[in-house]
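In what follows, a structure is listed as structure tokens, so that the remarks can point back to it.
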Amino acid sequence: MRKPVRIAPSILAADFAKLGAEVAAVAEAGADFIHVDIMDGHFVPNISFGPAVTKSVRSYTDKPFDCHLMISPVDPYVGEFADAGADIITLHQEAGPHLHRSLQYIKSFGIKAGVSLNPATPAESLEHVMDEVDLILVMSVNPGFGGQKFIPSQLDKIRRLRAMIDETGRDIDLEVDGGINAETAPLVIEAGADLLVAGSAVFKGGMEQYAANIRLLTGRT
Ligand code: DX5
Ligand code: ZN
């Protein structure tokens, strides 16, 4: 099932000193989701923020919060992120040995469950959890930092996942994260992605530029 291309700006690239206003501004500018990058300094070599900050900005928009957990372990923190207002919690395939159980655990909070793949992790690693996922997130950079260069080998993975999703007939979002800009967005859309994460390409030029930045990525007029 192909859906219109939607955009999830990553607030990792926002000004943390005024995060609530940044969330409101990017939502107003046309964001479909708010992408919330959680990093623990252990699964990835960077630390961002946790559930308290997520909760503190939740009231600034009604748009769904797409929480990308780059943390290990995951399960002990799922409840806090659900309580903070996450609508989707995405964990990493590589974050632990019990992916199937963790996906079911996330869904037990009445929210959607996503799974993300690092650049080296094959599409086929999700073959036996396709019934459990609501969203698949392809990392087109190594997770941990914004502003990195897109890894082109991920286009083939997006194509494979598009075929795997279509085969299920289920409503599964295919999201891509890392190095998405005006040059790479058309490539991932052509390969089958329907949800684009972008940090630096959206949060550049000041708040008055966010709507134009989003239009450039999605091709909306
Ligand atoms: C990277 C994060 C991304 C990041 C994207 O680990 O998961 O969401 O913020 O940043 P850009 O769009 O600048 O590559
Ligand atoms: Zn992310």
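The values are calculated or read from the model by the stated rules, or taken from the named source; none is laboratory data. Everything numeric in this text was worked out from a predicted model, so none of it was measured. Quick reminder, even Gly has a Cβ in these numbers, built from the backbone with ideal geometry, and neighbours come from all protein chains shown. All accessible areas refer to the heavy atoms of the entire protein, side chains included, with ligands and DNA or RNA removed. Shrake-Rupley method; radii C 1.70, N 1.55, O 1.52, S 1.80 Å.
Of Lys3/Lys204; Lys55/Lys149; Lys3/Lys63; Lys107/Lys157, which ones are farther than 20 Å apart at the Cα? Can you show the working numbers first?
Numbers: Lys3/Lys204 27 Å; Lys55/Lys149 30 Å; Lys3/Lys63 18 Å; Lys107/Lys157 25 Å.
Those over the limit are Lys3/Lys204; Lys55/Lys149; Lys107/Lys157.
Tell me, what is the per residue accessible area of region 6-218 in Å², probe radius 1.4 Å?
For region 6-218, the per-residue accessible area is 41 Å².
Would you pull out the residues with amide H under 5 Å of Asp173's amide H, same chain only if 5 or more places away, H placed 1.01 Å from N?
Leu135, Ile136
Around Pro73, with a cut-off of 14 angstrom between Cβ atoms, what is the net charge of the other residues, counting Lys and Arg +1 and Asp and Glu -1?
Around Pro73, the charge tally is -3.
List every residue whose amide H lies under 5 Å from the amide H of Ser116, counting only residues 5 or more places away in sequence or on a different chain, with H placed 1.01 Å from N in the peptide plane.
Residues meeting the criterion, in which the H sits 1.01 Å from N, are Leu91, His92, Gln93, Leu137.
Near Lys204, within a Cβ-to-Cβ distance under 15 Å, what is the net charge of the other residues, with Lys and Arg +1 and Asp and Glu -1?
Values: positive: Arg215; negative: Asp15, Glu22, Glu183, Glu208.
Residues near Lys204 contribute -3 overall.
Using the Karplus curve 6.51 cos²θ - 1.76 cosθ + 1.60 with θ = phi - 60°, what ³J(HN,Hα) values do you get for each residue of region 35-51, in whole Hz, with x for Gly and Pro?
Rounded to whole hertz, the list is 8, 10, 8, 10, 10, 10, x, 9, 6, 10, x, 7, 10, 10, 7, x, x.
Could you derive backbone 3J(HN,Hα) for region 122-129 from the dihedral phi with the Karplus parameters 6.51, -1.76 and 1.60 (θ = phi - 60°), listing whole Hz in sequence and x where the residue is Gly or Pro?
With the stated coefficients, region 122-129 comes to x, 3, 5, 5, 9, 3, 9, 10 Hz.
So which GluC sites (Glu not before Pro) in region 114-221 are both in a DSSP loop and have at most 15 other Cβ atoms within 10 Å of their Cβ? Please list the in-between numbers first.
Details: sites: Glu124, Glu127, Glu132, Glu167, Glu175, Glu183, Glu190, Glu208; in loops: Glu132, Glu183.
Sparse-neighbourhood loop GluC sites (Glu not before Pro): Glu183.
How big is region 1-115 in terms of Cα radius of gyration and Dmax, in angstroms?
Rg, Dmax (Cα atoms, Å): 13.8, 40.
Compute the longest continuous run of the chain that contains no exposed chymotrypsin sites (Phe, Trp or Tyr not before Pro); treat a site as exposed when its DSSP state is not H, G, I, E or B and it has at most 16 other Cβ atoms within 10 Å.
1-108
Within region 118-190, which trypsin sites (Lys or Arg not before Pro) sit in a loop by DSSP and count at most 11 neighbouring Cβ atoms inside 10 Å?
Counting only loop positions with at most 11 other Cβ atoms within 10 Å, the trypsin sites (Lys or Arg not before Pro) in region 118-190 are Lys149.
What's the carbon and sulfur percent of the chain's accessible surface, probe 1.4 angstrom, rounded to a whole number? Write out the running numbers ahead of the final one.
Details: 4960 of 9390 Å².
It is 53 percent, rounded to a whole number.
So, counting K/R as plus one and D/E as minus one, what does the shell of residues with Cβ under 13 Å around Lys107 add up to?
Working: positive: Arg101, Lys112; negative: Asp75, Asp87, Asp131, Glu132, Asp134.
Net charge around Lys107: -3.
Where both partners of a DSSP beta bridge lie in the chain, what percent of those bridges are antiparallel, to the nearest 5?
5 percent
Test of understanding: what is the full-extension gain from Lys204 to Val53, defined as 0.36 nm times their sequence separation minus their Cα-Cα distance?
Using 0.36 nm per residue and subtracting the Cα-Cα distance, I get 52.2 nm.
Kirkwood hydrodynamic radius, the chain, all distinct C-alpha pairs: what's the number in Å?
The answer is 17.1 Å.
Residues in region 34-66 near a label at Arg6, defined as backbone nitrogen under 12 Å from the 7 Å Cα→Cβ point?
34-35, 63-66
With a Förster radius of 22 Å, plug the Cβ-Cβ distance of Asp166 and Gln104 into 1/(1 + (r/R0)^6) and report the FRET value to the nearest 0.05.
Working: r = 24 Å, r/R0 = 1.08.
Taking R0 as 22 Å, the efficiency between Asp166 and Gln104 is 0.40.
Say we join alpha carbon atoms closer than 10 Å with springs in a Gaussian network model of the chain; which of Ser116, Ser56, Ser72 then has the biggest fluctuation?
Checking each option, the largest mean-square fluctuation is seen for Ser56.
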